[in-house]
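Since every read-out is calculated from the coordinates, none of them should be taken as a lab result. These numbers were taken from a predicted model, which means no experiment stands behind them. Every residue, glycine as well, gets a Cβ built from its backbone with ideal geometry; the counts of neighbours run over all protein chains shown.
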Amino acid sequence: MKLAALCDNDTAVGMRLAGVSELFIPNGDTIDIWNQITEKEDIGILFVTEKIAEDLGKYLKEFRIRNNIPIIVEIPNKKGRIKDHVDFVSHLIKKAVGIEVKK
C-alpha cells in the first residue's frame, strides 16, 4: 500500500521530503482529482489538507462512510490549522475510547 497526498504545491514539497511519492495537486476542479484517487486501490493512507477536505465536503464524508481504506488523515497547510476545524481521526478516537486527544 502506498502513501499519497491531496494537497497544495507548498505542502507537496514537504510531502515529497517525507517520502510520499503519490501527490495530487488540484489546479481547478478538486472533484475530478478526488474521483481519480478513489478509483485507485493501492493507496493505504491519504493525507488531505484541511482546506481541500472542506472543499470536498459531502464527497469526503460519504467516502469515509463506505470505505475503510485508504485511511484519510487531514493535515494543516503552511498557514496552520483552520479555526474550529474538526479533526476526524481525533473524533474517531474520542468516540471509540472516550478520551479526547489534544496536543
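Would you please put 40-48, 56-64 in order of how densely packed they are, using the mean number of other Cβ atoms within 10 angstrom per residue and starting with the highest?
Going by the mean number of other Cβ atoms within 10 Å, highest first, we get 40-48, 56-64.
Could you list which residues have their amide H under 5 Å from that of residue 74, counting only those 5 or more apart in sequence or on another chain, with H placed in the peptide plane?
48, 88, 89
Summing +1 for each Lys or Arg and -1 for each Asp or Glu, what net charge is found among the other residues whose Cβ lies under 15 Å from the Cβ of residue 31?
Net of charged neighbours comes to -3.
Classify the range 1-62 as rounded, prolate or oblate, taking a ≥ b ≥ c as the square roots of the eigenvalues of its Cα gyration tensor: rounded when a/c is under 1.5, otherwise prolate if a/b is larger than b/c and oblate if not.
oblate
What ³J(HN,Hα) values, in whole Hz, does the Karplus curve 6.51 cos²θ - 1.76 cosθ + 1.60 give for the range 52-69 when θ = phi - 60°, with x put for Gly and Pro?
Result, rounded to whole Hz: 5, 4, 5, 5, 6, x, 5, 4, 5, 4, 5, 5, 5, 5, 8, 10, 9, 10.
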